[in-house]
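Input: a single structure, listed below in structure tokens.
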Amino acid sequence: MSVEPRETRSVPDLLADVLREATELFRTEGRLIRAELSDKLSQMQLAGGSLVAGAICLLVSLIILAGALVTAMAKYMDPAWAALLVGVILAVIGVVLLAAGKKSLEAVNLAPERTLGQLQKDGQLAKEQTR
């Protein structure tokens, strides 16, 4: 039967290790949250682009629909209905783009989920280590 010698370290050494590891943990968490916030910023920029594109399509469709209505009332001919059809299609595209942009900007989609999960894990680990 072999007895392994226990490593004995002084309290200041242990405190220094705890401080060093806590500092490294905070640095790592800081890098993680910066990376995730950068991803969320990119997501917001893409959603903003969808909102702008949707708004432009709706504006163009409004102009076309107004022109189509005027033309249809003035002539009652096929060119007016063609313009009306184009206007309706652009309106549908605009609504879809606006809905996609709005959904991307919901608070649920912008929360830093990975960082929050990691912080919860770190909290649980710290609780277990202090017991």
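Some observations on this one:
- Gain upon complete extension [Thr8, Ile33; 0.36 nm per residue less C-alpha separation]: 5.3 nm
- With all pairs of separate Cα atoms included, the stretch 11-130 yields a Kirkwood hydrodynamic radius of 18.7 Å.
- Relative to the current alpha-carbon distance between Lys127 and Ser42, full extension at 0.36 nm per residue lengthens the span by 27.1 nm.
Every read-out reported here was derived from the displayed coordinates using simple, explicitly stated rules and does not represent laboratory data. Given the structure is predicted, the values throughout are model-derived calculations rather than measurements.
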